[in-house]
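Heads up: the structure comes next, in structure tokens.
The values are calculated or read from the model by the stated rules, or taken from the named source; none is laboratory data. Keep in mind that what you see is a predicted model, and the values were worked out from it rather than measured. For neighbour counting, all protein chains shown are included, and Cβ atoms are generated from backbone atoms with ideal geometry for every residue, glycine included.
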Amino acid sequence: MSTSPFRLATWNVNSLKVRLPHLSQWLQSASIDAIGLQETKTVDAEFPAADLQSLGLQGAWHGQKTYNGVALLGRTTVSDVVHGIPGFADEQARVIAGTVRGVRVIDCYVPNGQSVDSDKYAYKLRWLAALQGYLAAELERHPKLAVIGDFNIAPDDRDVHDPKAWEGQVLVSAPERAALSGICDLGLVDVFRRFDQPEKAYSWWDYRMMAFRRKAGLRIDLILTSEALAQDCVACTVDVEPRRWERPSDHAPVVATFTLPGDPS
DNA sequence: ATGGCTAACATGGTTAGA
């Protein structure tokens, strides 16, 4: 049977309007087949669909004013689009799902949580519990499932530049990590860790204190896949290059490459 | 040291990010 590569990316752009030139420049060299964006911060009526179409991308978006917002784009059709977590009432636009090249992709912008004593942290844990329920059902329906996005959780201490300083803090706290483990235990693989990686491989660096230059980051942007899809995964990397550019997003894109059966169409 | 940057909304200073 013939196979063809499928390169799937996730990128928290921190305002699509501001970062459209970065996305454009990056796409010219990255040969991406599909991408999930987070923090588009754009209402649907103002989504730059024409600009993205000229970059060869189509798809679906789910945004709101000022905050949050997600988009799922592909070089081929994005079908069977679902917004949000079904059955979970949420005013915040954080999830969009669709099928690209036979792969079910769920693009997530997990709540930040602000701090462990915040109402937003309680919301984050409730939200993750709802996500887990959704993903359990989706795994039953879709053998080839990818759950991608900004998880706002560093899975392990090796994903944290200074674990001691971050101990117990939001993004690394035990309840958050337990929630992520619960999701992975459904049968989802953090494919980044299926491959050898450089030391200090992170996907987010604070804008302040020259964090990027100091390599003071966290790996919070993830590509999780069902085991059947993980079998097709041949690479997963963080591309730190756009983080070096002028006026960057504070997140770098993460890319997974799969070898899928059949031709792209 | 609880700040430091950045973006949106608004047009000064607040909210939020992580």
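Yes/no per residue for (1) closer than 24 Å to A:SER15 by Cα; (2) more than 14 Å from DNA strand B (Cβ to nearest atom); (3) touching a residue at least 12 places away in the same chain (Cβ under 8 Å); (4) touching a strand residue (DSSP E or B) at 6+ places or on another chain (Cβ under 8 Å):
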position	(1), (2), (3), (4)
A:ALA93	yes, no, yes, yes
A:ILE106	yes, yes, yes, yes
A:VAL110	yes, no, yes, yes
A:ALA129	no, yes, yes, no
A:ARG141	no, yes, yes, yes
A:ILE148	yes, yes, yes, yes
A:ILE153	yes, no, yes, no
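Among residues of the stretch A:6-27 that are in contact (Cβ under 8 Å) with a residue 60 or more places away in the chain and within 19 Å of A:ARG94 (Cα to Cα), those with a Cβ under 6 angstrom from a residue that is β-branched (Val, Ile, Thr) and within 12 Å of DNA strand B (Cβ to nearest atom), sequence gap 6+ or separate chain, pair up as A:ARG19/A:VAL13.
If you go through the stretch A:51-80 and keep only what is in contact with a Lys or Arg (Cβ under 7 Å, 6 or more places away or on another chain) and either modelled with pLDDT under 95 or not hydrophobic (A, V, I, L, M, F, W, C) (or both), you end up with A:GLY56, A:THR66, A:TYR67, A:ASN68, A:GLY69, A:THR76. Among the residues making up the stretch A:103-117, those that are out of contact with any Phe, Trp or Tyr (no Cβ under 6 Å at 6 or more places or on another chain), surrounded by 14 or more Cβ atoms within 10 Å (Cβ to Cβ) and not in a strand (DSSP E or B) are A:ASN112, A:VAL116. For the stretch A:163-199, filtering for residues that are among the charged types (D, E, K, R), within 16 Å of DNA strand B (Cβ to nearest atom) and surrounded by fewer than 14 Cβ atoms within 10 Å (Cβ to Cβ) leaves 2. Considered as a group, the residues in the stretch A:68-88 that are within 23 Å of A:ILE153 (Cβ to Cβ) and part of a loop (DSSP other than H, G, I, E, B) include one that is farthest from the chain's Cα centre (by Cα), and that residue is A:GLY87.
Identify, from the list A:ALA97, A:ALA89, A:ALA71, the residue that is small (Gly, Ala, Ser), over 20 Å from A:PRO242 (Cβ atoms) and crowded, with 22+ Cβ neighbours inside 10 Å. Before the answer, list the steps.
Numbers: A:ALA89 fails: crowded, with 22+ Cβ neighbours inside 10 Å; A:ALA71 fails: over 20 Å from A:PRO242 (Cβ atoms).
On inspection, the qualifying residue turns out to be A:ALA97.
For the stretch A:7-27, a tally of residues being within 9 Å of DNA strand B (Cβ to nearest atom), not in a loop (DSSP other than H, G, I, E, B) and not hydrophobic (A, V, I, L, M, F, W, C) returns 3.
Going by what's in this entry, would A:ARG194 be described as of a type in the set (D, E, K, R) and touching a residue at least 12 places away in the same chain (Cβ under 8 Å)? Break it down into steps so the answer makes sense when it comes.
Values: of a type in the set (D, E, K, R): yes; touching a residue at least 12 places away in the same chain (Cβ under 8 Å): yes.
Considered against the rule, which asks whether it is of a type in the set (D, E, K, R) and touching a residue at least 12 places away in the same chain (Cβ under 8 Å), A:ARG194 comes out as yes.
Give me a count of the residues in the stretch A:175-228 that are aromatic (Phe, Trp, Tyr) and more than 30 Å from A:LEU260 (Cα to Cα). Please lay out each step first, then the result.
Let us first name the residues in the stretch A:175-228 that are aromatic (Phe, Trp, Tyr), namely A:192, A:195, A:202, A:204-205, A:207, A:212.
Narrowing further to those that are more than 30 Å from A:LEU260 (Cα to Cα): A:205, A:207, A:212.
Of the residues in the stretch A:175-228, 3 are aromatic (Phe, Trp, Tyr) and more than 30 Å from A:LEU260 (Cα to Cα).
Residues in the stretch A:28-54 that are crowded, with 16+ Cβ neighbours inside 10 Å and part of a loop (DSSP other than H, G, I, E, B) were compared, and the one that is farthest from DNA strand B (Cβ to nearest atom) is A:ASP33.
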